[in-house]
Amino acid sequence: MKILTGNDLKTGAVTWWDGVQWSLHVEDAVDVGDHAETILARETAARRVNAGYAIDAVKDEGGVRPGHIKERIRALGPTVRIDLTLKPADPEAGTWVI
Amino acid sequence: MYKYDSYDQAMVDTRVEEFRDQVKRRLEGHITEDQFKPLRLMNGLYLQLHAYMLRVAVPYGTLSSAQMRMLGDIADKYDRGYGHFTTRQNIQYNWIKLEEAPDILADLAKVEMHAIQTSGNCIRNTTSDQYAGAAADEVIDPRPYAELIRQWSTFHPEFSFLPRKFKMAVIASDTDRAAMRLHDIGIQLVRNEMGEIGAAFYVGGGMGRTPMIAPLINPFVPIDQMITYSEACLRVYNRYGRRDNKYKARIKILVHELGKEDYTAQVEAEFLHLLSQNIEPPLDELSRIKAQFVDPPFDAAAPDTIDRSDPDFALWNDTNCLPHKKPGYIAVTISLKPVGGIPGDASADQMRLMADLAREYSFDECRVTHAQNIVLPHVRKADLYTLWQQLDTAGLGTANLDRIGDIIACPGLDYCSLANARSIPVAQKISERLSDKSAAIGELKLKISGCINACGHHHAGHIGILGVDRKGVENYQLLLGGCEGADTSLGQITGPGFDEDGIVDAVEKTTEVYLAARQDGERFLDTYRRVGMAPFKEALYG
Amino acid sequence: MAEPQYRFRDDEPVGDPAVTVDSFGDQSNAAAVRIEPGDDARALLPHLERIRLVEVNFPVFGDGRGYSAARILREAGYQGELRAVGDVLVDQVAFLRRCGFDAFAPEVPLNPADAEAAFIRFDNVYQPTIDGRTPIWALRHG
C-alpha cells in the first residue's frame, strides 16, 4: 500500500494521512492508491502538512508497517529514548522498527 | 569571556525580530516551504526525523554559567528536558515547535547567544581548543582570534550563499585538540623567530564522503592580515568552488582539483588586491577583544597538591584532568559518556548543575568539546575532590576521557533524516561491553557516524564505525587508524561490514588483537601504525 | 530587458540591451553587459569606463557567485548601474546591496512592505564593503 506522511507545520510532529486528516499514529494511515499527489498538493497548500511525501507500507497483524526502517523510526520515535516515543510503556517497542 | 556591547546585542536582537517575521510569513502562508527553508536553516532550524531541530551556536565552545543555565532552561521550557552537544561544539534540541522558535532565539539573545549560521551554505560557528586559556602548551589564547572571525563571518554579505557549508577552527598549540586540519580552513596561531604572532593557514580539509587533510597553504600570515587572508580564501572558493554537484562542492574538492599550488597562487593574488580595500579590523579591535579574555584572578597561593586517597577519585583524576598553565589549578573534563548512555546528551538538570559548578569552581566558565564533553577549564586542585563528588552523584563523573567509552557518535537514524543507520545503540553496546577493560586498553578514540556525511568523525577515529543502509538493513563498516591530532591520519576500512551485534564483537576482537600485540607503553594507534592492518583483518575475517 | 523594481540611482536608466561578457570586448559601442554565474567579472575591467549597466543574473538564489562579481566590479571603481536580476528574493536584498548592487529586477516582484523592511533592517554591519557603511569596529574605535 501507499501511505502519506509529513510533519505538522507548527509543531513539526510526524503525521500520517488517515483519509480525512493527519494523525500522529501510523496505524491510522490509509492506502491512497494513485491519489498521493492530489492529496499532498491540496493539504500542503492548506498548510495542514509540511514536507509531505508518499511511502510504501504493508498491512499485517501488527497494523500498518512502513517499508523502510527510517519511516518505522519516524512512526515510533527514537529507539534509544522509548520514554519519548508513542509507546513509552512498552520497553520492547524498539524491536518493531527492525 | 567576551561580553557583547550594544552593537553585538543589537545584531542578535534584530536577527530575532527578522526571524520572527519570517516565521510569521511562513505560518500565514505568504512564503512556501521551499522559500522558507534557507531562511530557517540560516537560523539553525532543521526539519528532522521527528520534529524541528534547533542548533544553537556556542562560539569557540565557550559558555558562561548563565549561558549554560539558559541552555538547560530552554531544554525544559521548549523541548523535552535535554539537549545534545555536537562535534562542532554546538548544542541541538530535538523537539522544537516552529511557532516557538522565535521565542527560543529571544531567550538565547538574553544571554548573548544565537543560532545564526549554524546551518546553510555559509561560514558556520568557528571552533577552537576546549582548553584555550588554560592549556600549558598554548602559544596564546586562540579565542580572541576566533571572536574576530565570528564577527567578520556574521552576516557576511558576499559569503552567505557559498557552494557549500564552510567550517573554520582556530588553535594555538602543536597538540591539535580541535581536529583543525579536518576543517575548510584551519588556523594555527604561531610565533615567529621575532616573537610575533601569525596565522598558519591550512585550507581544504574535511570529512564527509571524501575525507581530506588540509594542506598548509601559508605558514605565517601576519596577524593584522588574518581577516583579509580569510576573505581571499573565501572569495576564490565562492567564485570557483563547484556548484554542479553538492557532493563535490566543499572547498576540499576545489583545492584538490586545482592543486594546492594553483589554489594558493589564486588566493595570494586575491589577497594582494584585497589589501588595498582596507577590510582588516585594526589591532585596536583585537586588543579590545583580548582584554575580555584576560586570565581570571588566579590564586597564586593555591595549593598544588591533591589528596588522592579515594581510589575512584584518583582514577578519574588520572583520566579526566589536564595540566593547567597555573600551579594549583587543573582543567577538568566532565564526561557526557556514562556507560551505556547517549554520547553528548545532557539533561536540563545536568546542564544547570554544570552551570552551578562552573560558577563555583571554574571562574564562571565552561567549554564544550568537539568530543561532546564539557570542560571546566580553571579548577583549583584543592576543590577537585569536592567537585568530583558532586559530578559523580549526578552521573557526570565517568572516568573515561579518550578511552574506549568516550565515544563520539552522531545522532544517527534515531534522530537524523540523513542517516542510514543508527549510531547511538552501537555506542551504547560497545560502551557496556568494554567498560570493564577501559583502563587496560588505555587511550582509544572510537567514533561512529550513521552515514557518510561523517558528523561522528569516523574517518578520524582510532577505531571508526560507519553505518550504511544495505538493502534496508543497518550495516556497519569498521575503520582503523584514523587520528585527528597533530599527526592527523584517515582511517582505513577493514573489509566487509557487520550487523549491529557483529560490529560490537568486531570492536572487541580489535581491542584483543591490540592488547596481544602491544609493546611497552604503546597506545592502540601506535600498535596499529606499527603492525598494520593485517593482524586485525586476520582476527576479524580469517 | 528586466525592468528594475527598485533602483537606488538618479541617473537615466540605460535602455540598451545587455550583451554577454565574452562578446562585450568586441562590441565597442555596447554600454550594457550581462554577467552569468560562471563569467569572470574581471574580464570587464579593461572596459569599465564605457559600461553604464551591468546585469548580474541569479538563475537560482542559492548560486552566490554574483555577490563576488559585484564586489569585484565596485572594488575596481565601476560607477555604473549594477542590477540583480533573476531569482532575487527579499531576504537577500540587504546582502546584495552591501555588495554594490543598486538596482533590483526580481523575476517574481517582491512584496513592497517586506522589501522595504529588509533593506533597512540592520542598523550596523560587521564588515566594510564598497557600500561605504562604517563597520562596527570602526564605530567602536572612532
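No value in this document is a laboratory result; all are computed from the given coordinates. Fair warning: this is a prediction, and the values are worked out from it, not measured in the lab. Neighbour counts run over all protein chains shown; Cβ positions are idealised from the backbone, glycine included.
Could you give the dipole magnitude of chain B about its Cα centre, charging the beta-carbon of Lys and Arg +1 and that of Asp and Glu -1, in debye to the nearest 20? It would help to have the intermediate numbers written out before the result.
On the way: 60 positive and 74 negative charges, 304 e Å.
It comes to approximately 1460 debye.
Entry for segment A:1-48 at q = 0.14, 0.23, 0.28, 0.30 Å⁻¹: log10 I(q)/I(0) = -0.29, -0.78, -1.11, -1.24, Debye formula applied to identical alpha-carbon scatterers, no solvent contribution. Taking chain A as a Gaussian network of alpha-carbon nodes connected by springs under 10 Å, the highest mean-square fluctuation of the residues A:51, A:75, A:36 belongs to A:51.
Rounded to the nearest whole Hz, the Karplus-based 3J(HN,Hα) values (6.51 cos²θ - 1.76 cosθ + 1.60, θ = phi - 60°) of segment B:207-216 follow the sequence 9, x, 6, 10, x, 9, 9, 5, x, 6, with x at glycine and proline.
List the relative contact order of segment B:86-232 as a percent without decimals, with contacts defined as Cα pairs under 8 Å and 6+ residues apart.
Working: 245 pairs, mean separation 24.2, N = 147.
Relative CO of segment B:86-232 lands at 16 percent.
Straight-line cross-link reach from residue B:537 at under 20 Å between alpha-carbon atoms covers these lysines, not counting any fewer than eight positions away in the same chain: B:445, B:447, B:509. Distant-in-sequence amide contacts of residue B:409, defined by a placed amide H-H separation under 5 Å and a gap of 5 or more residues or a different chain, comprise B:448. Under 5 Å between amide hydrogens, built in the peptide plane, is the criterion, and for residue B:115 it picks out B:57 among residues at least 5 positions away or on other chains. Modelled this way, with points 7 Å down the Cα-to-C-beta line, the labels at residue B:210 and residue B:302 are 4.7 nm from one another. Scan around residue B:329 for amide H atoms under 5 Å from its own, H built in the peptide plane at 1.01 Å from N, and keep only partners 5 or more places away or cross-chain. Residues meeting the amide H criterion: B:381.
Computed about its Cα centre, the charge dipole of the protein assembly as shown is approximately 560 debye, with only Lys, Arg, Asp and Glu carrying charge at their Cβ. Computed 3J(HN,Hα) for segment C:23-31, one whole-Hz value per residue from the Karplus formula 6.51 cos²θ - 1.76 cosθ + 1.60 where θ = phi - 60°, is 9, 5, x, 8, 10, 5, 9, 7, 10, glycine and proline marked x. When the alpha carbon coordinates of segment B:180-233 are projected onto the principal axes, the ranges are 41, 21, 12 Å, largest first.
Taking the centroid of alpha carbons for each part, segment B:270-337 and segment B:211-246 are 27 Å apart.
DSSP assigns beta bridges within the protein assembly as shown; of those with both partners inside it, close to 70 percent run antiparallel. Within the straight-line cut-off of under 13 Å between alpha carbons, the aspartates and glutamates reachable from residue A:10 are B:28, B:33, B:99, B:100, sequence neighbours fewer than 8 places apart in one chain being disregarded.
For chain B, relative contact order (Cα pairs under 8 Å, six or more residues apart, normalised by length) works out to 13 percent. The Cα-based radius of gyration and maximum Cα-Cα distance (Dmax) for segment B:205-295 are 15.6, 48 Å.
Given their separation in residues at 0.36 nm each and the Cα-Cα distance between them, residue B:194 and residue B:294 gain 33.7 nm when the chain is fully extended. For segment B:25-67, the equivalent ellipsoid derived from the alpha-carbon gyration tensor has semi-axes of 27, 12, 9 Å in decreasing order.
The convex hull built on the alpha-carbon positions of chain C has an orientation-averaged projected area of 8.9 nm². Computed over Cα pairs, the Kirkwood radius of segment B:6-110 leads via Stokes-Einstein (1.002 mPa s, 20 °C) to a diffusion coefficient of 151 µm² per second. Dipole check for segment B:1-134: with +1 at the C-beta of Lys and Arg, -1 at the C-beta of Asp and Glu, and the Cα centre as origin, the magnitude is about 300 Debye.
Here the label points at residue A:38 and residue B:247, each 7 Å from Cα along the C-beta direction, are separated by 3.7 nm in the simple model. For segment B:408-541, the normalised intensity computed at q = 0.17, 0.21 Å⁻¹ comes to -0.83, -1.26 (log10 of I(q)/I(0), Debye sum over alpha carbons, equal scatterers, no solvent). The largest-to-smallest principal axis extents of the Cα set in segment B:134-288 are 43, 35, 28 Å.
Of the peptides B:271-277, B:160-166, B:489-495, the order by per-residue mean of other Cβ atoms within 10 Å, starting with the highest, comes out as B:160-166, B:489-495, B:271-277.
Compute the relative contact order of chain A as a whole-number percentage, counting only Cα pairs closer than 8 Å that sit 6 or more residues apart in sequence.
Working: 160 pairs, mean separation 23.7, N = 98.
Relative contact order for chain A comes out at 24 percent.
Under 18 Å from a label point set 7 Å out along the Cα-to-Cβ vector of residue B:20, the amide N atoms of segment B:99-135 belong to B:99-116. Cross-link reach is defined here as a Cα-Cα straight distance under 13 Å, omitting same-chain residues fewer than 8 places apart; for residue B:325 the aspartates and glutamates meeting it are B:137, B:138, B:141, B:295, B:299, B:304. Would you mind classifying segment B:358-431 by shape? Square roots of the alpha carbon gyration tensor eigenvalues, ordered a ≥ b ≥ c; an a/c under 1.5 is rounded, otherwise it is prolate if a/b is larger than b/c and oblate if not. The shape class here is prolate.
Size descriptors for segment B:335-398: radius of gyration and Dmax over Cα atoms are 11.1, 32 Å.
Greater than 32 Å separation of Cα atoms is the criterion. Which listed pairs, B:246/B:429; A:87/B:471; B:290/B:381, meet it? It would help to have the intermediate numbers written out before the result.
Working: B:246/B:429 34 Å; A:87/B:471 27 Å; B:290/B:381 27 Å.
Distance filter (> 32 Å) returns B:246/B:429.
Each residue of segment B:412-425 was assigned a 3J(HN,Hα) from its phi angle through the Karplus curve 6.51 cos²θ - 1.76 cosθ + 1.60 (θ = phi - 60°); the sequence is x, 5, 5, 10, 9, 6, 8, 5, 9, 8, 7, 9, 4, x Hz, with glycine and proline shown as x. Between residue B:436 and residue C:139, how many nm apart are label points set 7 Å from Cα along the C-beta direction? About 6.4 nm separates the two model spin labels. Taking one equal scatterer on every alpha-carbon of chain A, how large is log10 of I(q)/I(0) by Debye at q = 0.11 1/Å? Evaluating at q = 0.11 Å⁻¹ gives log10 I(q)/I(0) of -0.31. Take every DSSP beta bridge whose two residues both sit in chain C; close to 10 percent of them are antiparallel.
By the Cβ distance rule (another cysteine Cβ under 4.7 Å), the unpaired cysteines of the protein assembly as shown are B:122, B:233, B:321, B:366, B:416, B:451, B:483, C:99. Does anything in segment A:57-98 have its amide N under 13 Å from the 7 Å Cα→Cβ label point of residue B:501, and if so which residues? Those under the cut-off are none; the list is empty. Largest GNM mean-square fluctuation among C:102, C:40, C:123, using chain C with Cα springs under 10 Å: C:123. Considering the protein assembly as shown at the alpha-carbon level, its Rg and Dmax are found to be 27.0, 89 Å. Grouping the Cα pair distances of chain B into 10 Å bins from zero gives a pair-distance distribution of 4, 18, 29, 29, 16, 4, 0 percent in increasing distance order. Extent along the principal axes, Cα only, for segment B:41-181: 45, 35, 26 Å, with the longest axis given first.
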